[in-house]
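> Pasting a structure here, questions to come.
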Amino acid sequence: MSDKSHDPNQMTGAAMIVRALIDHGVTDIFGYPGGAVLPIYDEIFQQSEVQHILVRHEQGAGHAAEGYARSTGKPGVALVTSGPGATNMVTPLTDALMDSIPLVCISGQVPTHLIGNDAFQECDTVGITRPCTKHNWLVRDVNDLAKVLHEAFYVATSGRPGPVLVDVPKDVQFATGTYHPPRKSDVHRSYAPRVKGDATQIRKAVALLANAKRPVIYSGGGVINSGPEATKLLRELVEVTGFPITSTLMGLGAYPASGKNWLGMLGMHGTYEANMTMHDCDVMLCVGARFDDRITGRVDAFSPGSKKIHIDIDPSSINKNIRVDVPIIGDCGNILGDILQVFKAEAKKPDVKAWWQQIAQWRARNSLYYRKSNDVILPQHAIQSLFEATRGKDTYITTEVGQHQMWAAQFFGFEEPHRWMTSGGLGTMGYGLPAAVGVQVAHPDSLVIDIAGDASVQMTMQEMSTAVQYELPIKIFILNNQYMGMVRQWQQLLHGNRLSHSYSEALPDFVKLAEAYGGVGIQVHKPADLDGAIQEMISVKRPVLFDCRVAALENCFPMIPSGKAHNEMLLPEQANDEATAKAFAGGKALV
Amino acid sequence: MNQPASAYFIEDRHDPNETHTLSVLVQNEPGALARVIGLFSGRGYNIESLTVSETESQKHLSRITIVTTGTPMVIEQIKHQLDRMIPVYRVVDMTLTKRSIERELAMVKVRGEGEHRVEALRLADAFRARVIDATTESFVFEITGNTDKINQFIDLMRPLGLVEVSRTGVAAIGRGPEGM
Ligand SMILES: Cc1ncc(C[n+]2csc(CCOP(=O)(O)OP(=O)(O)O)c2C)c(N)n1
Ligand SMILES: [Mg+2]
């Protein structure tokens with residue numbers, strides 16, 4: 001028998017966890033300690049390869065890990081204790097699942113012999129998180145731990161990325177077993193995401209594209225998830241074909257906002273030209289997007305005359321909401337490469353001049369128009385000023401959820417992928433501030449700004465303390481309209497202007513609050529002071545709460561009213577009371 | 001359709017429902033069945049029948065047979081959603097293959113005397129049901145067949161003193177030499 005005490009792969013479960021993190025190239029994790037993870041914290045204490053960022057609430061750890069992941073393309077890692085630590089992770093896990101963000105969460109669990117006994121801080125973590133993870137594991141034997149951890153990283157980052165959770169009982173953390181570095185056999189044989197697209201389908205797609213008269217490319221977050229190569233190929237495809245391109249909220253930055261073929265974002269608060277192009281096109285190429293209900297509007301009137309090509313790595317995204325003509329399952333980058341190759345070899349640039357003329361007419365409607373004022377800051381103007389002030393800088397933007405989020409998407413131009421972090425699928429208020437913490441950890445010298453709302457920002461405000469502790473100079477740019485603006489907008493449009501509980505009563509003094517945390521507070525009321533204040537914010541190398549007082553009753557347009565199609569958008573100049581009432585006419589059932 | 005005041009688009013689709021039998025080969029590991037069932041409840045799919053058992057113990061493989069109903073688009077979704085689960089090896093739509101055999105086993109308890117008893121036995125014989133328990137006032141029949149046959153048998157037993165039924169749910173397998 002060999003002497004196991006000298007085998008470097010013999011170690012405790014807790015040591016294996018840290019070792020696996022190192023083996024997967026993890027340099028930063030976000031977490032919060034508690035009884036069921038103390039052995040892991042003890043290991044963290046005794047090493048320096050993995051930096052642990054102590055958050056103030058586990059939800060903050062999850063969103064910070066998401067921000068870290070989205071801004072780097074690497075998996076984000078969170079570490080939480082059992083019971084309440086794990087339940088506090090449910091929101092970020094769900095958020096990451098909806099937006100396909102690779103996240104690895106390690107949770108502590110009560111010792112195996114106590115599982116099922118309602119022990120102190122016990123909860124059925126794998127049961128609770130089963131529907132909000134791509135996969136999860138409860139590890140009952142320390143000798144399974146290495147395999148599970150390696151598989152967890154693989155599952156999170158391969159195929160359609162997503163969150164995974166590994167639940168590790170405390171006795172397994174203490175127990176000694178054998179570790180092994182990552183290897184192929186760690187992964188379920190049943191899990192084999194498809195990468196390469198079917199060649200026949202690719203030829204069909206190229207034939208459609210080559211003969212299109214009124215084409216559009218509609219790209220989504222999948223292109224960004226696929227990696228830099230996919231972004232490069234998407235841009236090349238636009239160049240080679242001359243086609244117009246729009247994108248979902250999640251896909252912003254894959255094609256540059258300054259690019260000449262850019263139509264702006266599509267969907268509920270997308271531009272008129274993007275939505276009309278979608279509606280009237282004859283060939284639609286959907287790359288890495290999923291025909292979400294914020295995108296399609298009324299399903300039976302969605303782009304009625306077009307042939308639709310859909311590239312997605314997840315077969316369950318195909319034909320879920322919209323029937324498509326040419327589905328291609330696989331990795332966006334891989335398939336875009338194949339399409340380009342076939343297109344360049346066999347097709348010539350289609351003539352889409354007439355189509356662009358039509359698009360120019362739609363564009364001339366200027367659907368993002370808003371009325372500026374000298375007395376009060378319009379939120380759209382504030383975003384534009386912020387955008388101008390950060391042009392050419394190494395900037396990352398996160399957001400909360402609400403009107404400010406839509407205005408940020410409409411008015412902030414993204415030139416590169418991974419620069420825009422927003423909660424799209426779940427729409428999680430409180431995402432942006434901790435996400436900014438995560439982004440700043442990954443990019444210590446960059447300018448990281450959370451475009452926030454006065455209500456959302458209070459949901460995870462405590463992470464200001466994290467930012468101060470780790471000297472993360474995040475900028476929280478609050479469009480303070482003193483309302484849950486988006487809720488109020490819907491109440492105005494759909495509920496007879498009865499503003500039930502959407503007023504931000506008893507707002508804190510954000511300047512004092514920033515100071516109380518040890519950060520910097522800036523407040524601005526007047527349009528004339530805005531640019532100077534933004535410059536001050538950017539130059540301060542500390543966390544800033546920027547209280548930007550904006551026009552309280554401004555609403556977000558253009559907009560596709562519920563039950564309407566892309567060609568029935570409500571434009572800002574039409575959004576008077578009467579037109580709005582008509583556009584939203586209908587029953588009053590609540591669904 | 002008049003759309004109610006809502007942040008969601010309400011769809012007014014009336015595709016007819018179809019019934020499909022799906023065979024799902026999964027890694028037999030803790031939580032695998034919970035994942036499958038959770039998928040159905042979480043996404044609002046129907047389960048008409050569900051049977052599970054380990055079928056290859058060396059490889060730790062279980063076979064789940066699910067009978068479900070939905071529009072063609074929903075059925076397609078269900079298959080894709082099952083297929084993308086990490087421990088799922090294969091999903092086969094037995095209904096689409098049109099070459100599958102489906103069987104269910106039921107145990108049917110009937111209580112009665114005199115003519116009813118005689119009639120019950122006669123019908124059981126016609127349906128090839130076996131008597132697996134008998135008292136002076138009751139029988140338990142064991143019957144195998146497809147779901148329709150079993151439903152029919154149970155309906156016939158009702159007026160003859162049906163007490164209770166225990167059914168296994170549907171198991172399915174393809175005809176011919178090939179495996180799934
Ligand atoms: C956690 C959570 N709770 C509730 C909602 C519903 N919701 C969507 S937007 C919104 C109001 C956001 O207000 P604010 O942050 O001030 O942004 P504004 O719309 O005013 O820009 C609410 C309550 C949500 N998206 N997330
Ligand atoms: Mg607000």
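Quick note: the coordinates plus some simple rules give every number you see, no bench work behind them. None of these values were measured; they are calculated from a predicted model. Cβ coordinates were reconstructed from backbone atoms using ideal geometry, including for glycine residues, and neighbour counts include every protein chain displayed.
> Quick check: the angle from helix B:72-83's long axis to the longest principal axis of chain B, C-alpha only, nearest 10 degrees?
Roughly 80 degrees, rounded to the nearest 10.
> Also: For A:Val520, which sequence-distant residues (separation of 5 or more, or a different chain) have an amide H within less than 5 Å of its own amide H, given hydrogens modelled in the peptide plane?
Excluding prolines and chain starts, which carry no amide H, the hits are A:Val544, A:Leu545.
> Next question, about the same structure. Please give the calculated 222 nm ellipticity per residue for the protein assembly as shown, where each DSSP H segment of at least 4 residues contributes -39500 (n - 2.57) and the sum is spread over every residue; nearest 500 deg cm²/dmol?
Values: 28 runs with 271 residues, N = 771.
So the helix-based figure for the protein assembly as shown works out to -10000 deg cm²/dmol.
> Classify the range A:138-212: rounded, prolate or oblate, from the alpha-carbon gyration tensor (a ≥ b ≥ c, eigenvalue square roots; a/c under 1.5 rounded; otherwise prolate if a/b is larger than b/c)?
Prolate is the answer for the range A:138-212, as a/c is 1.5 or above and a/b outweighs b/c.
> Same structure, new question: State whether the range A:57-201 is rounded, prolate or oblate according to the following rule on the C-alpha gyration tensor (a ≥ b ≥ c being the square roots of its eigenvalues): a/c under 1.5 gives rounded; otherwise a/b larger than b/c gives prolate, and the remaining case gives oblate. Numbers along the way, then the final one.
Working: a/c = 2.05, a/b = 1.36, b/c = 1.51.
Verdict is oblate for the range A:57-201.
> Does anyone have the angle between helix B:115-126 and the longest principal axis of chain B? Alpha-carbon axes, 0 to 90°, nearest 10?
Roughly 60 degrees, rounded to the nearest 10.
> What is the distance, in nm, between label points placed 7 Å from the Cα along the Cα-to-Cβ direction at B:Glu54 and at A:Tyr470?
4.4
> Counting other beta carbons within 10 Å of each residue's own, what order do A:Glu346, A:Glu416 fall into, fewest first? Mind showing how you got there, number by number?
On the way: A:Glu346 11, A:Glu416 16.
By the 10 Å Cβ count, ascending: A:Glu346, A:Glu416.
> A further question follows. Across bins of 5 angstrom width beginning at 0, how are the C-alpha pair distances of chain B distributed, in whole percent?
Final binned percentages: 1, 7, 14, 15, 13, 12, 11, 10, 8, 5, 2, 1, 0.
> How high is the relative contact order of the range A:436-591, in percent, with contacts defined as C-alpha pairs under 8 Å that are six or more residues apart?
On the way: 228 pairs, mean separation 35.4, N = 156.
Value for the range A:436-591: 23 percent.
> Can you figure out the FRET efficiency of A:Glu536 with A:Asn366, using R₀ = 35 Å and their beta-carbon distance, to the nearest 0.05?
Values: r = 32 Å, r/R0 = 0.91.
Here the calculated transfer efficiency is 0.65.
> Run the numbers for A:Asp144 and A:Lys213: contour at 0.36 nm per residue of separation, minus the present Cα-Cα distance, in nm. Intermediate results must be reported in sequence, preceding the final value.
Details: separation 69, 0.36 × 69 = 24.84 nm, distance 5.69 nm.
Value of the extension gain: 19.2 nm.
> Mind checking the mean number of beta-carbon atoms from other chains within 10 Å of the Cβ atoms in B:81-92?
Working: counts 4, 1, 3, 10, 5, 12, 5, 3, 5, 1, 0, 0.
Mean partner-chain Cβ count within 10 Å for B:81-92: 4.
> Next question, about the same structure. Of all alpha-carbon pairs in the range A:197-259, indicate the percentage at a distance above 19 angstrom. Can you show the working numbers first?
On the way: 650 of 1953 pairs.
For the range A:197-259, the fraction of Cα-Cα distances above 19 Å is 33 percent.
> Another question about this same structure. State the volume of the convex hull built on the alpha-carbon positions of chain A, expressed per residue in Å³ and rounded to an integer. Walk me through the intermediate numbers first.
On the way: hull volume 96.3 nm³, N = 591.
Convex hull of Cα atoms, per residue: 163 Å³.
> Label point 7 Å out from B:Leu33 along Cα-to-Cβ: which residues of the range B:69-94 have amide N under 18 Å?
B:87-89
> For peptide A:298-306, how many partner chain Cβ atoms fall within 10 Å of a residue's Cβ, on average?
Details: counts 6, 5, 5, 1, 1, 0, 0, 0, 0.
Shielding by partners across A:298-306 averages 2.
> A further question on this structure: Remind me, relative contact order of chain B in percent, using alpha carbon pairs under 8 angstrom and six or more residues apart? Could the numbers behind the result be given before it?
Working: 309 pairs, mean separation 43.3, N = 180.
For chain B, the relative contact order is 24 percent.
> Loop-only check: which trypsin sites (Lys or Arg not before Pro) in the range A:463-560 are DSSP coil with at most 14 other Cβ within 10 angstrom?
Numbers: sites: A:Lys475, A:Arg488, A:Arg498, A:Lys512, A:Lys541, A:Arg549; in loops: A:Arg498, A:Lys541.
Sparse-neighbourhood loop trypsin sites (Lys or Arg not before Pro): A:Arg498, A:Lys541.
> Mind checking A:183-190 for the average number of partner chain beta-carbons within 10 Å of each residue's beta-carbon?
Values: counts 0, 0, 0, 0, 1, 7, 4, 11.
Shielding by partners across A:183-190 averages 3.
> Oh, and also: Against the longest alpha carbon principal axis of chain A, how many degrees, from 0 to 90 and to the nearest 10, is the axis of helix A:58-72 turned?
70
> Another question about this same structure. For a Förster distance of 25 Å, can you work out the FRET efficiency between the beta-carbons of A:Thr200 and A:Ala347, rounded to the nearest 0.05? Display every interim value, and only then the final one.
On the way: r = 16 Å, r/R0 = 0.66.
Working from the Cβ atoms, E equals 0.90.
> Also, quick follow-up: In what sequence do A:Glu229, B:Glu76 fall when counting other Cβ within 10 Å, fewest first? If you can, show how the numbers build up before the last one.
Working: A:Glu229 14, B:Glu76 19.
In increasing order of surrounding Cβ atoms, one gets A:Glu229, B:Glu76.
> Using Cα pairs under 8 angstrom and six or more residues apart, how large is the relative contact order of chain A, in percent?
Details: 1325 pairs, mean separation 80.5, N = 591.
Relative contact order, chain A: 14 percent.
> Can you tell me which lysines have their Cα less than 17 Å from the Cα of A:Lys348? Leave out same-chain residues fewer than eight positions away.
Within the straight-line limit of under 17 Å, A:Lys348 reaches these lysines: A:Lys204, A:Lys213.
> Counting pairs of Cα atoms in the range A:464-591, how many percent are more than 24 Å apart? Let's see the in-between values first.
Numbers: 3795 of 8128 pairs.
Pairs farther apart than 24 Å: 47 percent.
> Stretch B:Thr144-B:Leu105 to full length: gain in nm at 0.36 nm per residue minus the Cα-Cα span? Don't skip to the end; give the middle numbers.
Details: separation 39, 0.36 × 39 = 14.04 nm, distance 0.43 nm.
Length gained, B:Thr144 through B:Leu105: 13.6 nm.
> Now a separate question. By the gyration tensor of its Cα atoms, with a ≥ b ≥ c the square roots of the eigenvalues, what is the shape of the range A:506-565: rounded for a/c under 1.5, prolate for a/b over b/c, or oblate? Present the calculation step by step, with values, prior to reporting the outcome.
Values: a/c = 2.54, a/b = 2.04, b/c = 1.25.
Note, shape of the range A:506-565 comes out prolate.
> Given points 7 Å out from each Cα along the Cα-Cβ axis, report the A:Asn374 to B:Lys98 separation in nanometres with one decimal.
7.8
> By DSSP, what percent of the beta bridges with both residues in the protein assembly as shown are antiparallel, rounded to the nearest 5?
On the way: 49 of 114 bridges.
The antiparallel fraction comes to roughly 45 percent.
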